[in-house]
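Presented below is the structure to which this report refers.
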Amino acid sequence: MDIEIAKPERMSQSGSSLLRLIQNDELPTLDLLVRESIQNSSDAVLEDKEYLDITFNIRKFRTDQMSRHFHGIDKQLVQRYGGGENQSLVIKDKNTTGLEGPLHIDEVEGDKYGNLLTLIYEISKPQEKEGAGGSWGLGKTIYFRAGMGLVVYYTRIKLSDGSFQSRLAACLVENEKEENTLLEPESKGPKRGIAWWGELRKENQTVPVTNEAEVLEILKDMNVIPFKGEETGTAVILPFVSEEELMQTAKASYEGERYWWLNGLEEYLKVAVQRWYAPRIENRDYKLNKWMKVSINNKVISRTEMLPLFKLVQDLYNASSYTGDKMPSLIINREKIKVEKIHLRNIFEKSGEAGQMVFSKLKKADLKMDPPDNHSAPYAQADVIYNEGDLNPPVITFVRQAGMLINYDATGSWVNNIQPTTGDEYIIGIFVPNSKNLLKNEYGSVSLEEYLRAGEKADHTSWNDHTFGDINPHIVAKIKNQSGKKINDLYKVSEQSPSEVVKTGMGRSLASILLPPEQFGKAASNGNRIKKKSDSKLTDKSKKSSLSINGKAQYDKGKTIIPFQLNIGGKVEKATLKLLVSSETGNISEMKWEDEKEIGTPFPLKVTNLEIEKIETKNNAISVHNVMGQKSAIDGVEIIEPELIYTSKFKVPYGISFHKTVEAAAIISGRIEFQSSERSLKATISNMDEVGE
């Protein structure tokens, strides 16, 4: 194939900048790859097909045979990877349109780029189809980051005359700043680190290869099975993938814990597909899109063989009124499932129903955690982090009509209003939106689906509210608040007697102190597994801090002592820990509590002591024993200056600020002690940052 090396142009991306786009450090690379690839396939599914067919296969190939098709880097590939056997990851879909549209940008009419140009040759060109998974056009950069930067695209489409056409092209994105790059500049000037391969159209301009014989020859040398008969679809081929490197971020996410799906690429892909697409796997009741048949190395993922959490998620989804009712339950009977409609006033043109929160409270036996099954707890299956304690925070997930679960929340705003369970009980829920419900004219008359899609970040891991002119309907915030309240009202535990509260050290009244603030980490693991937020990515350039609870809370004479670790980014000048009162309608700050229009009494949570045990930077680890109010105890340590902060009206010490005097990342390990003047309250601890220029 001929090579087209991207030349430097104004406002153009370089390879290094593309590789930095949506660098999501919260999700493992393989999870991002699964989410993006299936989402792309889902957006292209044919209306007349019953289901979407997707395969993930590891294929072996010989570098000396494959490399000869890549003019300009053929020798470099053999030099870097050897001429012998290597492997590729091939992600292939069928029952889809394939990559349709013009072969070159010169053929584009208006803004109709088509799938082919959008995926292979353009960046930031989102899907226009309503209900599509993507909205930014950036997620495809995961293909370049998952492998060594070279991606081969093979597709087969049906033309308007009824004939079929194969198309094959490749793109390389590499960090042009590194030494020993594959691409050599054709002229003087800066390198961009981007190139395409295909059929030369005119000088330094290529289009995909469409000659069937040539396409088949390339596929043969890459050991990729071609489409046949009347099949249409797309294969994304990632050559020279390293299973060890792909598994690194997956294993790091579990921080040393061992689960069977961490044993290899095939096992992890099987779980990752379930984790993000459980509602659609072999689910013929999925009515907002096609159900999915997914295979890993030619082994079909059966809905009956999914992990217990993901079986439950499909059961919960199917209990909503937006699906069919033909599929049998997998793990829980319908009568044990609760469905609460979420109504919002003055938001929609007609029905006020924003969606349904579907949930259940289950025991360990229901989730197959007891012998002989011995499955891990839902936190490990979802790969969410939660803090140590005897309480089980709820797990809430949410989905759009594209069928990808957006995220799992066990610590943030979806669960803030829900009381954790104890012992062997777990609350699991899914919010299913009323996607086709239209917003009022003042909110753009868009569907709820399009509102949620537009509010997703580029990595599609959260929903966010946004404005229409000077109006913000706060739809997402209202959905979260109302959903949490409905679950909590159904399952909340009655007041304990004072003796019971003292016996458990304030027990449930301050249980949520073990839950971190929104935006902290991800959330959990198995029942007794303690997983803390890693600071491995905290650098001197970080503009944020993260808080983790570093052990079990202790209780002494009505006071609560929390061991903590505060990781402060290098650009943060001041990090603050402060106590908040947690209520059914959200957290209450000290300012709001003491406001005469609200409660008007002294803030009930009072910091009584702070102990700093260690301060760490990249080059130092200083063991200290600083007790609040005794600054002399840390003479000579000028990295951190702690200071109590007080409420403005009643001067209650409600938090601590840590002033950092050096521009370097720092880690503080210590214990914060507080007491509550009202035992019935729930509390949470939050962190805030002030960032320098």
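The values are calculated or read from the model by the stated rules, or taken from the named source; none is laboratory data. What you are looking at is a predicted structure, and each value in this text was computed from that prediction instead of being measured. With ideal geometry, Cβ positions are generated from the backbone for all residues, glycine too; neighbour counts draw on all protein chains shown.
Do we find a residue being in contact (Cβ under 8 Å) with a residue 40 or more places away in the chain and assigned to a helix (DSSP H, G or I) anywhere in the range 279-291? So far as the range 279-291 goes, yes, one or more of its residues are in contact (Cβ under 8 Å) with a residue 40 or more places away in the chain and assigned to a helix (DSSP H, G or I).
None of Ile54, Ile91, Ile123, Ile38 is surrounded by 16 or more Cβ atoms within 10 Å (Cβ to Cβ), modelled with pLDDT under 90, hydrophobic (A, V, I, L, M, F, W, C) and out of contact with any Gly (no Cβ under 6 Å at 6 or more places or on another chain) except Ile123.
Within the range 1-48, being more than 14 Å from the chain's Cα centre (by Cα) and charged (D, E, K, R) holds for Asp2, Glu4, Lys7, Glu9, Arg10, Arg20, Asp43, Glu47, Asp48. For the range 545-555, check the following and say yes or no: at least one residue is modelled with pLDDT of 50 or more, over 22 Å from Glu673 (Cα atoms) and outside any strand (DSSP E or B). No - not one qualifying residue is present in the range 545-555. Please verify whether the range 441-451 includes one or more residues that are crowded, with 22+ Cβ neighbours inside 10 Å and farther than 30 Å from Gly469 by Cβ. No, because not a single residue in the range 441-451 is crowded, with 22+ Cβ neighbours inside 10 Å and farther than 30 Å from Gly469 by Cβ.
Are any of the residues in the range 17-33 of a type in the set (Gly, Ala, Ser) and touching a residue at least 40 places away in the same chain (Cβ under 8 Å)? Within the range 17-33, none of the residues are of a type in the set (Gly, Ala, Ser) and touching a residue at least 40 places away in the same chain (Cβ under 8 Å). What number of residues within the range 282-308 satisfy the criterion of being among the hydrophobic types (A, V, I, L, M, F, W, C), crowded, with 19+ Cβ neighbours inside 10 Å and closer than 20 Å to Trp261 by Cα? Going through the range 282-308 one residue at a time, the tally reaches 5. In the range 261-281, the residue that is farthest from Met292 (Cα to Cα) out of those that are in contact with a strand residue (DSSP E or B) (Cβ under 9 Å, 6 or more places away or on another chain) and of a type in the set (A, V, I, L, M, F, W, C) is Leu265. Taken over the range 563-606, residues that are β-branched (Val, Ile, Thr) and in contact with a Phe, Trp or Tyr (Cβ under 8 Å, 6 or more places away or on another chain) amount to 5. Taking Asp390, is it at pLDDT 90 or above, surrounded by fewer than 24 Cβ atoms within 10 Å (Cβ to Cβ) and out of contact with any His (no Cβ under 8 Å at 6 or more places or on another chain)? In short, no.
Being of a type in the set (Val, Ile, Thr) and assigned to a loop (DSSP other than H, G, I, E, B) is the filter; apply it to the range 559-614 and report the residue that is farthest from the chain's Cα centre (by Cα). It comes out as Thr601. Scanning the range 398-428 for residues that are hydrophobic (A, V, I, L, M, F, W, C) and modelled with pLDDT of 90 or more yields Phe398, Val399, Met404, Leu405, Ile406, Ala410, Trp414, Val415, Ile418, Ile427, Ile428. With respect to Leu19, is the statement that it is in contact with a strand residue (DSSP E or B) (Cβ under 8 Å, 6 or more places away or on another chain) and modelled with pLDDT of 95 or more true? Taking the combined requirement at face value, the residue does not satisfy it. Close Cβ contacts (under 7 Å, 6 or more residues apart or on different chains) running from residues in the range 313-339 that are within 21 Å of Asp373 (Cα to Cα) to residues that are loosely packed, with under 15 Cβ neighbours inside 10 Å and of a type in the set (S, T, N, Q) comprise Leu330/Thr304.
Which residue out of Pro433, Pro378 is under 17 Å from Val271 (Cβ atoms), surrounded by 19 or more Cβ atoms within 10 Å (Cβ to Cβ) and in contact with a helix residue (DSSP H, G or I) (Cβ under 8 Å, 6 or more places away or on another chain)? None of the others qualify; the one that does is Pro378. The set of residues in the range 645-693 being more than 25 Å from Glu616 (Cα to Cα), at pLDDT below 80 and part of a strand (DSSP E or B) consists of Lys682 alone. Of Trp261, Trp276, all but one fail to be in a helix (DSSP H, G or I), free of Cβ contacts under 8 Å to residues at least 60 places away in the same chain and either of a type in the set (Phe, Trp, Tyr) or touching a Phe, Trp or Tyr at 6+ places or on another chain (Cβ under 6 Å) (or both); the exception is Trp261. Consider the range 230-281 and keep the residues that are β-branched (Val, Ile, Thr) and at pLDDT 95 or above. The one that is surrounded by the most Cβ atoms within 10 Å (Cβ to Cβ) is Ile237.
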